[in-house]
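The values are calculated or read from the model by the stated rules, or taken from the named source; none is laboratory data. Computed from a predicted model, the values in this text were never measured in an experiment. Methodologically, a virtual Cβ is constructed for each residue, glycine included, from the backbone with ideal geometry; neighbour enumeration extends over all protein chains shown. The accessibility values were calculated without ligands, DNA or RNA, using every heavy atom of the protein model including side chains. Shrake-Rupley method; radii C 1.70, N 1.55, O 1.52, S 1.80 Å.
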Amino acid sequence: MTMPATWKVDLDFRLPKIAASAMKKWVVGLLLLPVLMLPSVGRSAEASPQGIHAAVLDEYLDQVENGNGGLGSVSIFRGGREVYQRRFGQKHLSGVQADADTRYQIASVTKMVTAILAFKLIEQGRLGLDDTLADFHPEMPAAAQISVRQMLAHSSGLGNFAIKDGSVWIVDALEPPAILAEIRRQGVAFAPGTRVAYSNSAYYLLRMILEDTYGRPYHEIVEQEIARQLQLAHFASVKANHADTFRSYAFADGAWGEIKEVDFNNVVGVGDIASTPSDLNRLIVALFNGELVRKETLALMAPAPGKGWGMGLAEFVYGENTFLGHGGDVIGAH
């Protein structure tokens with residue numbers, strides 16, 4: 001299956017990055033980009049009253065499923081409610097059950113959640129955009145020059161702790177001191193605030209700042225500030241020990257087989273949350289409806305037109321449409 005090139009901006013844990021033409025060999029653990037707007041799909045088929053061409057979507061996903069192009073789940077919301085929901089591909093897996101309550105790893109869509117939690121603190125006056133990393137972790141590289149604003153906006157210069165010596169090393173269990181040592185070793189690639197470069201390391205440290213400021217671990221913050229408030233029963237950080245999360249699979253030699261994922265405890269606040277597509281849509285609807293942060297705060301999160309990255313939200317251009325949201329990819333999920 002093909003994807004717009006802009007969707008591949010967040011292939012943050014893969015090495016090497018997988019081209020769209022090779023994607024059919026990998027599970028689509030989550031086929032959903034949470035966005036502000038959704039285009040109509042198809043032109044010839046008759047649309048439902050909600051403007052969704054369900055038959056066209058079903059035909060497409062049948063082809064994906066029958067061609068072993070992916071496994072996953074789709075949810076489309078329109079006007080604040082779900083108008084289409086579909087699972088596909090799981091029939092190829094022996095002994096594996098999946099239903100509407102099955103969670104999928106949402107990978108770096110987690111960063112959007114981390115940004116929301118940071119801005120909730122900023123609205124309360126408990127954290128400032130111009131606070132520096134040195135206020136919390138002065139031992140980090142260029143800490144006095146790196147602001148919370150830059151960390152949120154991927155302009156801190158910090159790197160990608162997930163890649164060490166040219167390989168993804170976060171597949172095995174790691175202790176936080178080892179990760180922090182790697183962040184220090186990588187240093188900064190440019191003077192903070194002078195460029196934009198996607199940074200897993202910045203969001204790892206942001207998560208630690210959230211835990212310091214909220215005074216509780218990230219999984220409890222997500223539960224209390226997001227999931228409970230929005231009544232998301234199937235949305236949780238990895239340390240909440242959530243069950244019923246779909247594993248990752250690859251198609252090779254004529255069959256689907258489970259593959260080794262990253263240890264999601266290594267990427268808390270960066271790429272560890274699991275959710276149903278429906279709950280993820282409820283989250284983004286609530287965000288854009290002003291239920292999580294104020295409208296003026298949402299405007300701060302969004303990028304300026306044509307700039308790509310904002311502070312927790314990204315811009316995706318697809319044809320004549322512009323979307324706001326966040327993508328996520330990890331070894332076995334898109």
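Efficiency by 1/(1 + (r/R0)^6): what FRET value for GLN85 and ASN321, r their Cβ-Cβ distance, R0 = 25 Å, to the nearest 0.05?
Numbers: r = 22 Å, r/R0 = 0.88.
It comes out at approximately 0.70.
Could you grab the relative contact order for the chain? Cα pairs under 8 Å, six or more apart, rounded to a whole percent. Before the final figure, lay out each step's value.
Details: 613 pairs, mean separation 92.6, N = 334.
Relative contact order for the chain comes out at 28 percent.
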task = Any chance you could run the full-extension gain for ASP58 through ASP263? It's 0.36 nm times the residue separation minus the Cα-Cα distance, nm to one decimal.
result = 70.4 nm
message = Shape verdict for region 105-175, please, from the Cα gyration tensor: rounded (a/c under 1.5), prolate (a/b greater than b/c) or oblate.
response = oblate
query = For region 44-110, what % of the accessible area comes from carbon and sulfur atoms, probe 1.4 Å?
reply = 43
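Among LYS120/LYS260; LYS91/LYS260; LYS111/LYS164; LYS164/LYS307; LYS260/LYS295; LYS120/LYS239, which pairs are too far apart, with a Cα-Cα distance over 31 Å? The partial results should precede the final answer.
Details: LYS120/LYS260 35 Å; LYS91/LYS260 21 Å; LYS111/LYS164 21 Å; LYS164/LYS307 29 Å; LYS260/LYS295 41 Å; LYS120/LYS239 21 Å.
Cα-Cα > 31 Å for LYS120/LYS260; LYS260/LYS295; rest within.
I'd like the FRET efficiency for GLU123 and VAL96, computed as 1/(1 + (r/R0)^6) with the beta carbon distance as r and R0 of 51 Å, rounded to 0.05.
Computed FRET efficiency for GLU123 and VAL96 comes out at 0.75.
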remark   = Simple spin-label estimate for ALA233/LYS164, 7 Å along Cα→Cβ, in nm, reads 4.0
For Rg and Dmax of the Cα atoms in Å, calculated from these coordinates, the label among [x] 21.2, 69; [y] 23.9, 87; [z] 19.4, 60 = [z]
message = Only Cα pairs within less than 10 Å get springs; with that Gaussian network setup on the chain, which residue of SER48, SER199, SER108 has the largest fluctuation?
response = SER48
remark   = Taking a ≥ b ≥ c as the square roots of the Cα gyration tensor eigenvalues, with a/c under 1.5 meaning rounded and otherwise prolate when a/b beats b/c or oblate if not, region 220-334 comes out oblate
request  = Could you please state, rounded to a whole Å, how far the C-alpha centre of region 131-184 is from the C-alpha centre of region 67-97?
outcome  = 35
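Label region 159-300 by shape, choosing from rounded, prolate and oblate, from the square roots a ≥ b ≥ c of the eigenvalues of the Cα gyration tensor; if a/c is under 1.5 it is rounded, and otherwise prolate applies when a/b is larger than b/c, oblate when it is not.
On the way: a/c = 1.66, a/b = 1.08, b/c = 1.54.
It is oblate, given that a/c is not under 1.5 and a/b is not larger than b/c.
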task = Would you work out the relative contact order for region 195-334, in percent, from Cα pairs under 8 angstrom that are 6 or more residues apart?
result = 19
inquiry  = If you fit an axis through the alpha-carbon atoms of helix 176-186 and take the longest principal axis of the Cα set of the chain, what angle between them do you get, 0 to 90°, nearest 10?
reply    = 80
key: Span from the region 251-271 Cα centroid across to the region 286-303 one, whole angstrom   = 32
task = Using just the helices of the chain, give the 222 nm mean residue ellipticity in deg cm²/dmol: DSSP H runs with n ≥ 4 each add -39,500 (n - 2.57), and the total is spread over all residues, rounded to 500.
result = -7500 deg cm²/dmol
FRET efficiency for GLN224 and ALA173, using Cβ-Cβ distance with R0 set to 35 Å, rounded to 0.05 = 0.85
remark   = Given 270-278, 297-305, the highest-first ranking by average Cβ count within 10 Å works out to 270-278, 297-305
request  = Kindly express, to the nearest 10 degrees and within the range 0 to 90, the angle between helix 200-214's C-alpha long axis and the longest C-alpha principal axis of the chain.
outcome  = 70
query = Considering only VAL238, TRP169, GLY312, whose Cα is most displaced toward the positive end of the charge dipole of the chain, charges sitting on Cβ of Lys, Arg (+1) and Asp, Glu (-1)?
reply = GLY312
